[in-house]
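This report refers to the structure that appears directly beneath it.
The values are calculated or read from the model by the stated rules, or taken from the named source; none is laboratory data. Remember, predicted model here, so these are calculated numbers, not experimental data. Here the Cβ positions follow ideal geometry from the backbone for every residue, glycine too, while neighbour counts run over all protein chains shown. Heavy atoms of the whole protein, side chains included, go into the accessibility calculation; ligands, DNA and RNA do not. Shrake-Rupley method; radii C 1.70, N 1.55, O 1.52, S 1.80 Å.
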Amino acid sequence: MDLNRNLADFYINDGIIEPKVAEEALERAKLNRTRFDEEIIKMGAVDEVLAKRYLAGFFGLPFLEFNVLTIDLDSSSKIPLSYIKDNRIFPISLTDTLTVAIDNPSSFQEALNTRHFYHLPVKVGMITVEQMDKAIVYLENKKKRTRALQDFRNDKQQVEDVDDDLKIVNAPAVQLTDSILKEAVSMLASDIHFEPFEKEVRIRHRIDGVLIESNSISKNIYQSVLARYKIMSNMNIAERRVPQDGKIRLEIDNIDYDFRVSTIPTIYGEKIVIRIFENSTKLLGLGLLGNEKKQIEAIENIISKPYGIILVTGPTGSGKSTTLYTFLRELNKGAVNITTVEDPVENVIEGINQVQVNPKANLTFSTALRSILRQDPNIIMIGEIRDEETAQMAIRAAITGHLVLATLHTNDAIGTLDRLVDMGVPAYLVHDALIGAIAQRLVRKLCPHCKKKHKATPSEMELLGITEEKTIYEHNGCNQCNFTGYLGRTAVFEILTIDEEIRTLLSKQRIPTIQLKKILKDKGMMFLEDSCRNYVLEGVTSIDEFNTIF
């Protein structure tokens, strides 16, 4: 019996996949001359983490879940980078044993051979292909940064003054700026902050919503870094007195990324913040947006409507765009015409017409929307409703037979009603057009490797609204989560569904927000606090995170 058949039986016996799916994967593996687990990942039958976990078990290896931030760089100091890349092995930690990760069982012997570099026993474990890619990128860019900084120190002419406002950068600056961007991607950072102070410039990364200090560079080097980023993002490098915005597009490991660059003058120089967007169709399914089955069903019901407007609200960085793109993915069927107007286009989705706002060419949300309505659309997505004209047009498009998706800045879902009225849209039009509003926040998830149980205290029980003793979890800290106690984030939702009963009620009289919340709660609506409270009780997040957000 061959390896693929053995693997298939292993997955079937553990109930991971159905026999019918296994047979299809076996046929594909035979045709493509690949391994069985690779095919079930491509088919979407099993996610890569689960597939690799079982592959590791099949070969009697541990599955290693590690964070690039906690990689011991000393463990790779004696091993050539070419050996690591060519054989796809990665040294993770170095104690009295060298721990080496692989993403393919065929690399097992090459991993064992690393014992010759340190003359220590080697422990081999399995990781995913994505983790291996990010680890190699992280290490490669750490080494590039080290070399670039050394070149700066050795090269007295690394920044050549042309006049008081213009700097020309050389090869070390190019290497350093590129390595910083690639390193941030491998760290899964959402933002990079360059903060100039009196003697040095601090670099921090926002990971899982929290800023983590990376390192610092001298102010002399920073001038080259600043100039390089300004050139890359088409800014005026001679202008230092006013804020500027720009964008960089860069391909990293065959994936396109957009980096939104913003500068602002401070007392010690210009500060840069770079926001990172993966420009691909790697999106969540509806079932992965949250854990509440009732809320997922409510979302499915709302987006299935043929016309009306659905608003997604929340602060900057709360995942509104991800939610909208998830909806578009679900709605992207061959029989509908979907057009979006965005600023910027964060994800490119095949089969959808996406328009990029360009204020310099007078292509704003409102002007683009006016033209889109002449393009026979079924579904329209508006990146953000910012002004009265856009709000008016969006509402009227919803009333005249289009399904409109948009974001709006309010604190909660109910606030969308008053916000649209405040923007100048007549209340009766709002009540007729709005079919649903979704407010959301992102909360940090407790690290599953180190979270600790404890009995809820009386004050915690009061906060959670429970009367019986309950076991909840708190953050601790380990290598896996960079000693923060948290690993990843998830969204909590508040979903307002405007059914006929609520629409009729709203059309008769203006209902105070407190009274409306009570009516909706009696109808079973879950508010943001309720969703987050459930996550605390389920051990997904901590009560500290609940307190931070609410």
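For the cross-link pairs K52/K294; K247/K333; K320/K521; K52/K293; K247/K271, which exceed 22 Å when the distance is taken from alpha carbon to alpha carbon?
Beyond 22 Å between Cα atoms: K52/K294; K247/K333; K320/K521; K52/K293.
What FRET efficiency, computed as 1/(1 + (r/R0)^6) with R0 = 30 Å and r the Cβ-Cβ distance, is obtained for Y428 and N362, rounded to the nearest 0.05?
E(calc), rounded to 0.05, equals 0.40.
By a straight-distance test (C-alpha under 13 Å), which aspartates and glutamates pair with K508 as possible cross-link partners, with residues fewer than eight away in the same chain excluded?
Reachable aspartates and glutamates: D432, E500.
Arrange the residues Y473, Y486 by how much accessible surface each exposes, largest first, with a 1.4 angstrom probe.
Final ranking, largest accessible area leading: Y473, Y486.
Positive end of the charge dipole of the chain (Lys, Arg +1 and Asp, Glu -1 on Cβ, about the Cα centre): tell me which of H449, G319, Y118 has its Cα farthest that way.
Final value for the positive-end residue is Y118.
Suppose we flag GluC sites (Glu not before Pro) only when DSSP calls them loop and at most 10 other Cβ atoms lie within 10 Å. Which is the longest uninterrupted stretch of the chain?
Looking at the chain, 1-197 is the longest stretch - no exposed GluC sites (Glu not before Pro) with at most 10 other Cβ atoms within 10 Å.
Once every DSSP H run of n ≥ 4 in the chain is given -39500 (n - 2.57) and the sum is divided by its residues, what mean residue ellipticity at 222 nm do you get, rounded to the nearest 500 deg cm²/dmol?
So the helix-based figure for the chain works out to -11500 deg cm²/dmol.
Calculate the translational D of the chain in whole µm² s⁻¹ from Stokes-Einstein, where the hydrodynamic radius comes from the Kirkwood formula applied to all Cα pairs, the temperature is 4 °C and the viscosity 1.567 mPa s.
Using the Kirkwood radius from Cα pairs, D works out to 49 µm²/s.
For Q515 and V336, calculate 0.36 nm times their separation in residues minus their Cα-Cα distance, and state this gained length in nm to one decimal.
Once the chain is fully extended between Q515 and V336, it gains 60.5 nm.
Taking only Cα atoms of the range 384-472, what ratio of Rg to Rh do you get with Rh as the Kirkwood inverse-distance radius?
Taking Rh as the inverse mean 1/r over Cα pairs, Rg/Rh reads 1.24.
Please report the carbon-and-sulfur percent of the accessible area for the chain; probe 1.4 Å, protein heavy atoms only, DNA, RNA and ligands left out.
Using a 1.4 Å probe with all protein chains present, the chain comes out at 48 percent carbon and sulfur.
Among the aspartates and glutamates, select those whose C-alpha is under 15 Å from the C-alpha of K144, and discard any that sit fewer than 8 residues away in the same chain.
Here the aspartates and glutamates satisfying the reach criterion relative to K144 are D178, E183.
So, for the range 325-419, what is the accessible surface per residue at a probe of 1.4 Å, expressed in square angstrom?
Result: 44 Å² per residue.
T34 to F59: FRET efficiency via 1/(1 + (r/R0)^6), r the Cβ-Cβ distance, R0 22 Å, to the nearest 0.05?
Computed FRET efficiency for T34 and F59: 0.85.
For T340, list long-range residues whose amide hydrogen, built 1.01 Å from N in the peptide plane, is under 5 Å from its own amide hydrogen.
Residues meeting the criterion, in which the H sits 1.01 Å from N, are N353, Q354, V355, M381.
What residues qualify as long-range amide H neighbours of M526, i.e. H under 5 Å apart, gap of 5 or more or another chain, H built at 1.01 Å from N?
I495
Among DSSP beta bridges whose residues both lie in the range 34-124, state the antiparallel percentage, nearest 5.
60 percent
Run the lone-cysteine check on the chain: no other Cys C-beta under 4.7 Å from the residue's C-beta.
Cysteines lacking a close Cβ partner in the chain: C532.
What does the C-alpha gyration tensor say about the overall shape of the range 341-416? Classify as rounded when a/c is under 1.5, otherwise prolate if a/b is larger than b/c, or oblate.
rounded
If I stretch the segment between N378 and I399 completely, what's the gain in nm (0.36 nm per residue apart, minus their alpha carbon distance), one decimal?
Gain on extension, N378 to I399, equals 6.3 nm.
Residue-wise, which Karplus ³J(HN,Hα) couplings in Hz belong to the range 433-438, taking 6.51 cos²θ - 1.76 cosθ + 1.60, θ = phi - 60°, and x for glycine or proline?
Per-residue couplings from phi come out as 8, 6, 10, x, 9, 10 Hz.
What distance in nm separates the two pseudo spin-label positions at D253 and K20, each 7 Å out from Cα along the beta-carbon direction?
Distance between the two pseudo-spin positions: 3.5 nm.
Along the range 114-119, what does the Karplus equation 6.51 cos²θ - 1.76 cosθ + 1.60 (θ = phi - 60°) give for ³J(HN,Hα), rounded to whole Hz, x for Gly and Pro?
Taking θ as phi minus 60°, the curve returns 5, 4, 6, 7, 10, 6 Hz for the range 114-119.
What's the FRET efficiency of R240 with I466 using the Cβ-Cβ distance as r and R₀ = 56 Å, to the nearest 0.05?
The formula returns an efficiency of 0.50 here.
Taking a ≥ b ≥ c as the square roots of the eigenvalues of the Cα gyration tensor of the range 418-532, is the shape rounded (a/c under 1.5), prolate (a/b larger than b/c) or oblate?
Note, shape of the range 418-532 comes out prolate.
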